[in-house]
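Right, one structure below, let's go through it.
The values are calculated or read from the model by the stated rules, or taken from the named source; none is laboratory data. Computed from a prediction, not measured in an experiment: that's the story for all the values here. All Cβ positions, glycine included, derive from the backbone under ideal geometry; neighbour counts span all protein chains shown.
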Amino acid sequence: MFMRRVVGNSMAPVLKPGDIVFAKKIHHMHIYANSIVIANINGKEIIKRVGLVKNGKVFLIGDNKAASTDSRTFGLVPCNVVLGKVVFWVPNIVARFNSRLMKH
Amino acid sequence: MFKGFIKPVYAHCDVPCGIYETDTIKHSADTCLKMVQKIEDLGELDSINKYNNFVRMVNTKEEHAQKVKEQAYILWSDFFKPEHLTAHPSLHDIVWQVAKQASVVKHAVNKEACLELNERVAALDELFKIVQSGN
């Protein structure tokens with residue numbers, strides 16, 4: 001189990017910047033579509049949803065399609081770049097509350 | 001509050017998110033040509049309305065020539081990758097020629113310059129399509 005802090009908006013509205021996610025290391029055979037995973041793409045850890053698993057490769061896509069750099073840009077990635085599956089997360093209530101205040 | 005000790009994971013927001021097109025740049029280059037034609041059609045500026053239209057057309061030409069440059073820069077910096085440069089060594093020159101010609105279009109009311117801009121944009125479009133279909 002490891003935890004990470006979300007930076008960026010590509011998984012909004014589910015995950016927002018500042019949320020803390022907890023991920024479990026999983027075997028490559030246990031990557032399924034629709035789960036949220038953390039992957040290492042060229043040395044940078046990114047968080048995305050699995051769109052498709054095919055022939056040992058995964059298509060990663062952000063929930064917020066308008067603000068995400070994902071497999072639409074970098075293509076299918078091998079399963080072994082997936083570091084873990086997000087099992088639960090703690091929303092950053094302070095930031096969410098503040099952004100609501102800003103809107104009104 | 002956890003900034004210091006929890007490693008970040010990126011839900012990255014690199015607008016423009018993999019959506020690239022050349023319609024905007026072609027449309028803008030065409031607009032420049034159209035504006036020059038319309039300015040020439042105005043003839044002598046003998047009424048206040050003609051002055052008004054003249055200024056609007058020059059403004060539009062200026063604006064769209066700038067848009068051509070911006071669109072070319074977006075493709076250049078975000079769409080094209082190093083491997084595309086290896087495959088198409090003329091890439092830098094093609095983009096540069098578009099940007100240069102867009103500036104020439106701004107400088108004068110010159111139909112030839114606009115036609116030249118359209119040609120250079122077409123060359124960039126052609127390269128874009130080749131690279132895109134190769135992906």
Being assigned to a loop (DSSP other than H, G, I, E, B) and more than 9 Å from every other protein chain (Cβ to nearest Cβ) is the filter here, so list the residues in segment A:47-74 that pass it.
A:55, A:56
Here the residues within segment A:1-18 that are more than 19 Å from residue B:5 (Cβ to Cβ) and either surrounded by 14 or more Cβ atoms within 10 Å (Cβ to Cβ) or within 11 Å of another protein chain (Cβ to nearest Cβ) (or both) are A:8, A:9, A:10, A:11, A:12, A:14, A:15, A:16
Would you check if there is a residue in segment A:72-79 being within 12 Å of the chain's Cα centre (by Cα) and either within 26 Å of residue B:134 (Cα to Cα) or surrounded by 12 or more Cβ atoms within 10 Å (Cβ to Cβ) (or both)?
no
Which residue pairs have Cβ atoms closer than 8 Å, lie 6 or more positions apart in sequence or on different chains, and pair a first residue in segment A:69-83 that is at negative phi with a second residue that is among the polar types (S, T, N, Q)?
A:69/A:10; A:70/A:10; A:77/A:71; A:81/A:40; A:83/A:40
So is residue A:21 of a type in the set (A, V, I, L, M, F, W, C), assigned to a strand (DSSP E or B) and within 13 Å of chain B (Cβ to nearest Cβ) or not?
yes
I'd like the residue in segment B:75-120 that is surrounded by 14 or more Cβ atoms within 10 Å (Cβ to Cβ) and among the small types (Gly, Ala, Ser) and, out of all such residues, is farthest from residue B:54 (Cα to Cα).
B:99
Return the residue satisfying two criteria in turn: it lies in segment A:77-94 and is away from chain B (no Cβ under 12 Å) and touching a Lys or Arg at 6+ places or on another chain (Cβ under 8 Å), and of such residues it is nearest to residue A:9 (Cα to Cα).
A:91
Being surrounded by fewer than 21 Cβ atoms within 10 Å (Cβ to Cβ), over 25 Å from residue B:81 (Cα atoms) and touching a residue at least 40 places away in the same chain (Cβ under 8 Å) is the requirement here; does residue A:25 meet it?
yes
Identify, from the list B:33, B:91, B:115, the residue that is in contact with a Leu (Cβ under 9 Å, 6 or more places away or on another chain) and within 30 Å of residue A:74 (Cβ to Cβ).
B:91
Kindly check whether there is at least one residue in segment B:29-38 that is more than 14 Å from chain A (Cβ to nearest Cβ), modelled with pLDDT of 85 or more and in contact with a His (Cβ under 7 Å, 6 or more places away or on another chain).
yes
Quick check: is even one residue across segment B:107-121 touching a residue at least 60 places away in the same chain (Cβ under 8 Å), of a type outside the set (Phe, Trp, Tyr) and over 18 Å from residue B:26 (Cβ atoms)?
yes
Does at least one position in segment A:31-46 carry a residue that is under 14 Å from the mean Cα position of the chain (by Cα), within 14 Å of chain B (Cβ to nearest Cβ) and part of a loop (DSSP other than H, G, I, E, B)?
no
